[in-house]
Every structure is written in structure tokens, then in C-alpha cells.
1. Scan the stretch 26-44 for residues that are surrounded by fewer than 16 Cβ atoms within 10 Å (Cβ to Cβ), out of contact with any Asp or Glu (no Cβ under 9 Å at 6 or more places or on another chain) and either touching a residue at least 40 places away in the same chain (Cβ under 8 Å) or not small (Gly, Ala, Ser) (or both) and jot them down.
2. Mind checking which residues of the stretch 50-75 are assigned to a helix (DSSP H, G or I), under 16 Å from the mean Cα position of the chain (by Cα) and either acidic (Asp, Glu) or within 25 Å of residue 10 (Cβ to Cβ) (or both)?
3. Can you tell me which residue among 82, 60 is touching a helix residue (DSSP H, G or I) at 6+ places or on another chain (Cβ under 7 Å) and surrounded by 12 or more Cβ atoms within 10 Å (Cβ to Cβ)?
4. Could you check, for the stretch 14-25, whether at least one of its residues is of a type in the set (Gly, Ala, Ser), in a strand (DSSP E or B) and surrounded by 20 or more Cβ atoms within 10 Å (Cβ to Cβ)?
5. Residue check: is residue 69 hydrophobic (A, V, I, L, M, F, W, C) and in contact (Cβ under 8 Å) with a residue 60 or more places away in the chain?
6. Here is a list: 70, 90. Which entry is within 27 Å of residue 52 (Cα to Cα) and in contact with a Phe, Trp or Tyr (Cβ under 9 Å, 6 or more places away or on another chain)?
7. Residues in the stretch 129-138: is at least one within 21 Å of residue 24 (Cα to Cα) and out of contact with any Phe, Trp or Tyr (no Cβ under 6 Å at 6 or more places or on another chain)?
8. Condition (residue is touching a residue at least 60 places away in the same chain (Cβ under 8 Å) and touching a Ser or Thr at 6+ places or on another chain (Cβ under 9 Å)) applied to the stretch 104-113: is it met by at least one residue?
Amino acid sequence: MKHLVLGGVRSGKSAFAQEQVAASGKPVCYVATSQVWDDDMADRVRLHNENRPQEWQLIEEPLALADVLNRINSADQAVIVECFTLWLTNLLCLEDETRLQQEKAALLDAVEQFQGDLVLVSSEVGLGIMPMNALARRFGDEAGAMNQALAKLSDRVTFVAAGLPMPLKSPPF
């Protein structure tokens, strides 16, 4: 089962996604894509660590996400990846268009091939106004395209706002 969880900052998407992966009953691997650039981000990472069960395996990977998913691909595994928009930010900051395109293609292939339970967390950034600068517009375009591609590959898609999950796509009965 592949489940994409979307939402804005502090929407409750992380807590919801963690509930979903925990419900699988399988061993959980948490794949974190964030990098700590400042004190605020360090505090956010610390809070995420404190709110996760200690028995969950943690893999931190800001760029080569497909490699990680391919390495831990198993029907007996539950994996949560958080978050795709941070991962895209990391790649965009490299200013290496070839690497960006390679990583995106490899990631989509890894998600499609994944055999275990996979919960994907991403921010929905397309609900605001058109950004004023080129990098912010590029980020919005890339995030929107990635969320659409992940939604196509996912069995379930849930949008979370104010802590309330709203199903957008559910598997047929």
C-alpha cells in the first residue's frame, strides 16, 4: 500500500502519517530528508524525534532518496518518508539540473517498485498566491509536479488541514 499524505505547515500531516505507518503492524523505518541549517530547524527535528517511537529505525538522507528506498524495499517493511518538499529544496539548492532530473526519475521508479507499506509526506504548496521570485515559482512548480506524480503512484492520497484528514483518493473496494 502506498499512501501520499499532503498538507501545509503545522497541518497535522506528520502525526496523521505516523499513525498510518504504525497501523501497518510491520517494523517501521522513518526516512528523514531534512537538513539542519539553523536553530529553528534543529528544534523542529528534535520535536519530530521526540514524537516518534524509539523502536523505529531512522535513516537521514537529504538527496539520494531513491537509493534508500531501493535498499530497504521489502514486503515486510513499513516506511515513512518525510518530506518530499524538503527533499526537493535540497536538490534545488545544489543548482545541478542534471542531478535534479536524475533523482526525480529514480525516486518515482523506486516508489513505483516499492513492495512494502509506504507512507509519503509532502507539503501542499499550491494553495497560496503566485510567488514573487523565480526560485520560489520553480519550487512551487516542482513540488506540484512531484505531488501529482506521487498521487498517481499511490493507492491512497489524504489531504490534512487543521489536523483533519480528508481522503482524496482511496483504493477501490
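We did not get these values from a lab; they are worked out from the coordinates using the rules stated. Computed from a predicted structure; not experimentally measured. Note: ideal-geometry Cβ built from the backbone for every residue, glycine included; neighbour counts use all protein chains shown.
1. Of everything in the stretch 26-44, those that are surrounded by fewer than 16 Cβ atoms within 10 Å (Cβ to Cβ), out of contact with any Asp or Glu (no Cβ under 9 Å at 6 or more places or on another chain) and either touching a residue at least 40 places away in the same chain (Cβ under 8 Å) or not small (Gly, Ala, Ser) (or both) turn out to be 36, 37, 38, 39, 40, 41, 43, 44.
2. Result: 65, 67.
3. 82
4. For the stretch 14-25, residues of a type in the set (Gly, Ala, Ser), in a strand (DSSP E or B) and surrounded by 20 or more Cβ atoms within 10 Å (Cβ to Cβ): absent.
5. no
6. 70
7. No, every residue in the stretch 129-138 fails to be within 21 Å of residue 24 (Cα to Cα) and out of contact with any Phe, Trp or Tyr (no Cβ under 6 Å at 6 or more places or on another chain).
8. Yes, the conditions are met somewhere in the stretch 104-113.
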